[in-house]
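In what follows, a single structure is set out as structure tokens and then discussed.
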Amino acid sequence: MATAGLFASTLSRIFSNVKTGCHIQQTRNKWANARMLRDYKRRCVAKEYAPLRVRLLTMKRNNILPREIQDIASKEMLEVPRHAAMCQLTGRCAITSRPRGNLMRWRLSRFVFRRLVDYNQLAGVQRALWG
């Protein structure tokens with residue numbers, strides 16, 4: 001009985017430090033490699049700052065606004081992280097972290113996609129049949 005209480009307290013201590021959302025998580029089991037972790041961090045930053053970045057960019061490029069407001073927007077734009085731009089994100093496979101040959105609709109590389117489709121593990125996708 002005492003070991004069960006000790007085990008429960010140990011588990012609660014371990015899981016009390018777990019953070020949810022866009023925080024750093026355990027790298028050994030979650031991601032395929034360091035590039036995938038870096039891509040995840042960039043996506044979190046982009047998700048957080050994308051609306052602000054778009055607003056500042058439109059204010060900066062707008063010719064109707066006074067020049068002072070455009071200057072203020074360009075100065076505030078320098079404070080936003082550069083990784084917040086959507087063009088900085090690389091389309092990587094969610095399983096293997098491969099950067100090329102991805103099907104964007106499923107966010108999988110062509111190798112993983114074909115393997116999943118061959119064994120009917122991808123819902124709504126059928127293999128093409130001729131004849």
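Please treat every number below as a calculation from the coordinates, not as lab data. None of these values were measured; they are calculated from a predicted model. Using ideal geometry, Cβ is built from the backbone for each residue, glycine included, and neighbour counts are taken over all protein chains shown.
Could you check the spin-label model distance between residue 64 and residue 105? Points 7 Å from the Cα along Cα→Cβ, value in nm.
Roughly 3.9 nm, to one decimal.
How high is the FRET efficiency between residue 82 and residue 30 when r is their beta carbon distance and R₀ equals 22 Å, given to the nearest 0.05?
Efficiency, rounded to the nearest 0.05: 0.30.
Taking a point 7 angstrom from the Cα of residue 96 along the C-beta vector, which residues in the stretch 109-131 have backbone N less than 13 Å away?
Hits in the stretch 109-131 for residue 96 at 13 Å: 109-117.
Which of the aspartates and glutamates could a cross-linker bridge to residue 47, judged by Cα under 13 Å and excluding same-chain residues fewer than eight apart?
Leaving aside aspartates and glutamates fewer than 8 places away in the same chain, those within reach of residue 47 are 39.
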